[in-house]
Amino acid sequence: MKDKLRYNPGDSGLPLSPKANPLRVPDGYFEAFDQRVHERISARKKNRHLYIAVVTAAAAMLAGIGILFLPGLRNDVPESEIIVASDTANTITGSRLVDQILADDIIEMAANSDTLFLDAGLNWGDMGLKEVSDETITEYLLIEGVSTLEIAMTNDY
Amino acid sequence: MAFRLLLESYRERVYWLIRRTLIVHDDADDVAQEVFVRVWKALPSFRGESALYTWIYRIAVNEVNRFIKRKRLLFFTPWNDASERISQSLTDDCGFSGTEVERKLFNAIARLPQKQRLVFTMRYFDELPYEEISRIVGTSEGALKASYHHAVRKIEKFVKAG
């Protein structure tokens with residue numbers, strides 16, 4: 001089988017000896033070959049050192065950036081919650097934001113009203129706030145969906 | 001020191017395997033150098049599971065395949081379309097000093113598919129046994145014999161048409 005598949009160049013008038021080599025190389029090619037390989041290896045070594053330096057610098061830079069922004073990244077905020085930056089550059093989460101808005105609204109209403117609507121141990125006067133009338137509070141609670149019955153019940157407290 | 005010895009021992013065999021496959025000297029030179037750079041890198045991990053020259057030949061075959069793949073990507077053309085370039089390199093100015101028949105032979109080799117060309121080169125020129133070629137290219141002996149058979153038929157057809 002081996003012999004059958006073995007090419008017999010004589011059949012096609014091709015060179016009889018497979019060893020015939022008509023390809024040539026420049027003079028002294030193989031003598032200089034070793035030197036060129038060593039030069040290529042040296043170039044690779046230099047490139048590797050450069051690569052390591054660049055990667056180290058990049059890693060250091062990334063680590064620096066990470067340290068700078070780490071406090072902001074430390075908040076374990078669920079994805080569903082929106083992160084909002086306030087004027088003071090502090091971040092607050094969505095649930096805190098709702099509380100904050102409500103508090104802001106109440107304070108704003110208090111500031112625009114004539115009577116104090118709530119006294120939870122705070123000295124509103126010290127905060128420069130005015131009293132809120134019962135009507136304003138009722139109106140606010142109705143807007144918020146609190147029933148009139150519930151409002152009436154809270155009047156007893 | 002050991003690497004220098006290795007270079008001296010195998011540089012010509014490796015170069016000619018590559019040259020007969022790629023035919024163009026500049027390409028063969030580039031790939032042959034790259035083979036030895038890879039040998040130098042991988043030498044510490046050589047475990048002696050195969051003969052050293054089998055191992056180096058395997059690296060050479062991989063490097064030839066990598067080179068052809070790179071050329072294909074670079075020029076967006078099938079490797080066989082490069083046969084014109086190879087034909088042009090078979091002139092006296094480009095390191096070819098054979099007869100017209102030999103020129104035809106190399107032109108025919110240049111038109112072979114990549115794997116057939118490598119198998120034909122190792123079998124016909126280097127006279128490596130199929131068992132050895134099998135270890136180098138990682139293909140069964142049966143498949144190699146078929147590959148060589150197809151290569152021979154194609155070369156004959158090309159030369160006779162010629």
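The values are calculated or read from the model by the stated rules, or taken from the named source; none is laboratory data. Remember, predicted model here, so these are calculated numbers, not experimental data. Here Cβ is always computed from backbone atoms with ideal geometry, including for glycine, and neighbour counts include all displayed protein chains.
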Could you please let me know if B:Tyr148 is over 21 Å from A:Leu23 (Cβ atoms), modelled with pLDDT of 90 or more and within 11 Å of chain A (Cβ to nearest Cβ)?
-> no
Scanning segment A:36-53 for residues that are modelled with pLDDT of 85 or more and out of contact with any helix residue (DSSP H, G or I) (no Cβ under 8 Å at 6 or more places or on another chain) gives A:His38, A:Glu39, A:Ser42, A:Ala43
Tell me, yes or no, whether segment B:104-121 has at least one residue that is more than 8 Å from chain A (Cβ to nearest Cβ), closer than 14 Å to B:Thr54 by Cβ and in contact (Cβ under 8 Å) with a residue 12 or more places away in the chain.
-> no
Do you know which residues across segment B:38-53 are more than 14 Å from every other protein chain (Cβ to nearest Cβ), outside any loop (DSSP other than H, G, I, E, B) and surrounded by 15 or more Cβ atoms within 10 Å (Cβ to Cβ)?
-> B:Tyr53
Among residues belonging to segment B:1-34 that are among the β-branched types (Val, Ile, Thr) and part of a helix (DSSP H, G or I), point out the one that is surrounded by the fewest Cβ atoms within 10 Å (Cβ to Cβ).
-> B:Val31
Residues of segment B:26-37 being within 11 Å of chain A (Cβ to nearest Cβ) and farther than 9 Å from B:Ala60 by Cβ, in sequence order, are B:Asp26, B:Ala28, B:Asp29, B:Asp30, B:Gln33, B:Glu34, B:Phe36, B:Val37
Any chance A:Asp27 is at pLDDT 85 or above and in a loop (DSSP other than H, G, I, E, B) | yes
In segment B:111-122, what residues are closer than 15 Å to B:Thr139 by Cβ and either part of a loop (DSSP other than H, G, I, E, B) or more than 11 Å from the chain's Cα centre (by Cα) (or both)?
-> B:Pro113
Take the residues in segment B:124-140 that are at the interface with chain A (Cβ under 10 Å from one of its Cβ atoms) and either surrounded by fewer than 16 Cβ atoms within 10 Å (Cβ to Cβ) or among the basic types (Lys, Arg) (or both), then tell me which one is nearest to B:Thr21 (Cα to Cα).
-> B:Glu127
